[in-house]
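None of the figures in this text is laboratory data; all of them are computed from the coordinates on show. Given the structure is predicted, the values throughout are model-derived calculations rather than measurements. Virtual Cβ from ideal backbone geometry, glycine too; neighbours counted across all protein chains shown.
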């Protein structure tokens, strides 16, 4: 009987020893697997580095998109009202009383500026998403072109986006010489600058007198005396901004430097508050800039 008990005890002790040895071996194996994550130099392996880099890149892109979206906000001046018409391509602040946009805002990226996938169809139409939209026929015989605020040429990356630029909520009465001349030259330069600077925030709109001339079947579409275009390149090493104001007239010279002004000046002329989501110190510095030679550089 005693011998049996001793034998049983030996079996139990042996099993316990084997179990403890297995645990110790597993720990050593885990430690070995962990050590394989680092090379002999103690650095993480390439897979881990790539994964972290990819995550950081995605987070930076998300932050960039959030910042870009905030910069599309326009604060209207005292007593100003407008209907906001927002979509994925551009944002329109539409003045239902004047039947023209107050401002049109969008971000133009390098990829979008270089795209050529959409075809221009020149099919103007009313915009049923806003009240009192002008009709394409309201401009006939007026002496004014149907001038785009968001240019069709900036929306070649999407057929739907380009087609939306022909809705009348994006249109202002514009002299043909300006529309086809200096204003078109500016739009071309904006696309060049977007390719160079990665992305540009573009804000465009009319400058309207208190008692403007009006056209249309009911004489209720305001004719701007001038147009502005605000540009802000936020994603370069030293962010820069500039604005342009051109008269709504014939014989406007294609000398962009003659029409360069600061964003502060555009705000004074329009009553709009632009880029107000920037920190105050950055906003003040950016909106005071007017350095055309800085924008005219190739790099």
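On the beta carbon distance between residue 291 and residue 269, with R0 = 22 Å, the FRET formula returns roughly 0.65. When 176, 132 are arranged by Cβ crowding within 10 Å, least crowded first, meaning fewest neighbours, the order is 176, 132.
Given the peptides 199-208, 228-237, arrange them by the average over their residues of other C-beta atoms within 10 Å, most packed first.
Ranked from most to least packed, the peptides come out as 199-208, 228-237.
Tell me, rounded to the nearest percent, the portion of alpha carbon pairs in the range 74-295 spaced more than 21 Å apart. Distances greater than 21 Å cover 52 percent of the Cα pairs. Fewest-first ordering of 154, 163, 281, 185 by other beta carbons within 10 Å of each residue's beta carbon gives 281, 185, 163, 154.
For each of 258, 91, 225, count neighbouring Cβ atoms within 10 Å of the residue's Cβ, then give the residues from fewest to most.
Result, fewest neighbours first: 258, 225, 91.
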